[in-house]
Amino acid sequence: MPMISVWDDHEVANDTYKDGAENHDPSKEGSFAARKAVAIQAYHEWMPIRTGSDLNIIYRSFDFGSVLSLHMLDTRLIGRDKQVAFAELLNPSTAASAQATLYSPTRELMGTTQSTWLTEKIKSSAATWQVLGQQVVMARMEFPVSVLSALNPDTLTSADALTKGLAAVTDYVTAKNTPAGSRTATQVGLMNTTLNPKLGYNLDAWDGYPLAREKLLAAVLAANKKLVVLSGDTHNAWHTQLTLAGFLSASQAGVKVGEEFATPSVTSVGLESYFSTLPSANVKSIYESVVDDLKWMDPSRRGYLKMTFTKTQAKGEWIFVNSVKSTSYTVETPATAETRTYSI
């Protein structure tokens, strides 16, 4: 089968960025630059990929007639700044510095050279759809701190902790669904983003680079293009709206720029391994009720995403299997909830 390949972090090390990784210790494992170089060499020797003389540069575009232009990106190795840690944001002694880093206008996920290349490719394309094939979830997958701090997988080790975490979710969702004029003082506080700020649950994704994302989406909006983003990395299935946060222009807050379709893993475990004390139905309900831009997700099933494009529609079908631990399995035919369309 034809393949257009692209790397993520595990070709080098977990949670890689341009000059380091979460699980690379230079004092014990030597130069990260050397590790990265041999990993890139091995990738090009073993994967079906054709690039130029610089093996570090694998971002490239493919045109499929006038229907779509596929722009394959590198959001991991070429330009990514180091991730900000949740612990730094939640620790009062480091919160201000971490916030300044997180929302710095110079903070990059793709790097300036690749970002400029992508913007020009999108502007010059005559195709109906501009499709980004890339690694990490782009949508704003934001949770309020009241929920993030209470529903932390690392602390859900007892029935009491689980009860408190679910109560925090219920309190927030109830406040969210209560008309503003009818909210109690506590509910007003929960909906106040200064008192109860929202953060992306995964700062290794685009949520950890909010200004870089805003600039890209604003450029697509200015070019009046139809955007679809294809993502992986999380091992779970997602369908989300891509909206502006209003960082560059308050009037653009909430404006929809496109939609994102994210594939589950073929075999690797996903959120069910992090929230092992919660039934998958509960995890699904929590995400879909708390995250504003999330349209649908599946937290536990394994499979792949099939995309079909026409001049008027982008359709995503999530194909699941009932088991990845047996040579005997059944394919779960997509029902309405697993087939999602973005029409123009």
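The values are calculated or read from the model by the stated rules, or taken from the named source; none is laboratory data. Note that the structure is predicted; figures quoted are calculated from it, not measured. Please note: Cβ atoms are built from the backbone with ideal geometry, for glycine as well, and neighbour counts cover all protein chains shown.
Of the residues making up region 269-293, those that are under 29 Å from residue 129 (Cβ atoms) and of a type outside the set (A, V, I, L, M, F, W, C) are 270, 284, 287, 288, 292, 293. Total residues in region 37-91 satisfying the condition of being at pLDDT 95 or above and closer than 15 Å to residue 209 by Cβ: the figure is 12. When residue 188 is tested against the conditions (1) under 26 Å from the mean Cα position of the chain (by Cα); (2) loosely packed, with under 15 Cβ neighbours inside 10 Å, the lone failure is (1).
Take residue 289 and tell me if it is of a type in the set (Gly, Ala, Ser), surrounded by fewer than 17 Cβ atoms within 10 Å (Cβ to Cβ), over 15 Å from the mean Cα position of the chain (by Cα) and in a helix (DSSP H, G or I). Criteria met by residue 289. Among the candidates 263, 243, 186, the residue that is in contact (Cβ under 8 Å) with a residue 40 or more places away in the chain and more than 19 Å from residue 75 (Cα to Cα) is uniquely 243. Looking only at residues in region 1-42 that are of a type in the set (Val, Ile, Thr) and without any contact (Cβ under 8 Å) to a residue 40 or more places away in the chain, the one that is surrounded by the fewest Cβ atoms within 10 Å (Cβ to Cβ) is 38.
Looking only at region 105-135, which residues are assigned to a helix (DSSP H, G or I) and basic (Lys, Arg)? 121, 123, listed by residue number. Among the candidates 113, 119, the residue that is free of Cβ contacts under 8 Å to residues at least 40 places away in the same chain, surrounded by fewer than 19 Cβ atoms within 10 Å (Cβ to Cβ) and either farther than 24 Å from residue 199 by Cβ or of a type outside the set (Phe, Trp, Tyr) (or both) is uniquely 113. When the residues of region 43-54 are filtered to those that are over 26 Å from the mean Cα position of the chain (by Cα) and in a loop (DSSP other than H, G, I, E, B), which remaining residue is surrounded by the fewest Cβ atoms within 10 Å (Cβ to Cβ)? Going through the qualifying residues, I end up with 53. Restricted to region 143-173, and to residues there that are β-branched (Val, Ile, Thr) and surrounded by fewer than 14 Cβ atoms within 10 Å (Cβ to Cβ), the residue that is modelled with the highest pLDDT is 170. Scanning region 66-91 for residues that are among the acidic types (Asp, Glu) and assigned to a loop (DSSP other than H, G, I, E, B) turns up 74, 81. The set of residues in region 65-105 being in contact with a Gly (Cβ under 7 Å, 6 or more places away or on another chain), closer than 27 Å to residue 55 by Cβ and β-branched (Val, Ile, Thr) consists of 78 alone. Here the condition is being under 24 Å from residue 234 (Cα atoms), out of contact with any Pro (no Cβ under 9 Å at 6 or more places or on another chain) and in contact (Cβ under 8 Å) with a residue 24 or more places away in the chain; of 70, 102, it holds for 70 alone.
For residue 229, indicate whether it is among the β-branched types (Val, Ile, Thr) and free of Cβ contacts under 8 Å to residues at least 60 places away in the same chain. Here the answer is no, as residue 229 does not meet what is asked.
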